[in-house]
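Each reported figure results from applying straightforward, stated rules to the coordinates on display, with no laboratory input. Nothing here was measured: the structure is a model prediction, and the numbers come from that model. Glycine also receives a Cβ, built like all others from the backbone with ideal geometry; neighbour counts cover every protein chain displayed.
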Amino acid sequence: MTSNVEKFLAREDELRLARKFCDDQAVLGAKASFEEKGVRKFASSRIKRESEMAAEEVECLNYEVTQRRRACLKEFYEQQQAMYEEELSALGLTLVKERL
C-alpha cells in the first residue's frame, strides 16, 4: 500500500513540476512577445524617422539644384545677350533697352 501512496505522491510531484514548468514557459513567452513587439516598434519608428530625413534631404537637394539651374540659365542668357549686342555693334547697330 505504501508503494501506491509513494507512486501517487511521486506522480503528484512530477505533475506539480510540469505545471510549474508550463507556467514558467508561459511567462517567458509573454516576456519574449513583449520584447519582440518593442523591437519591431523601435525598428519601424527608426525606419519612419530615416525616411522623413531622406525626404527632407531630397527636398533640400531639389531646391539647391533649382537654384543652380536658375543661376546657370541667367548666366547663359546674359552671355547670349552680350554676344548679340557685340554682333549688332560689329554691324554698326544698337539695341534699345527700356527699363521701367
* Asked: How big is Rg to Rh over segment 8-54, alpha-carbon atoms, Rh as the Kirkwood inverse-mean-distance radius?
  -> 1.50
* Reachable lysines, given that their alpha-carbon falls under 29 Å from the alpha-carbon of K97 and they are not under 8 places away in the same chain -> K74
* Rounded to whole Hz, the Karplus (6.51, -1.76, 1.60) HN-Hα couplings of segment 88-98, x for glycine and proline -> 5, 5, 5, 8, x, 10, 9, 10, 8, 10, 10
* Roughly how many nanometres apart are two label points built 7 Å out from the Cα toward the Cβ at R70 and M83? -> 2.5
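What is the Å³ per residue value for the convex hull set by the Cα atoms of the chain?
Values: hull volume 8.7 nm³, N = 100.
Convex hull of Cα atoms, per residue: 87 Å³.
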* **Set of lysines with alpha-carbon distance to K48 below 29 Å, sequence-local pairs under 8 removed** => K31, K37
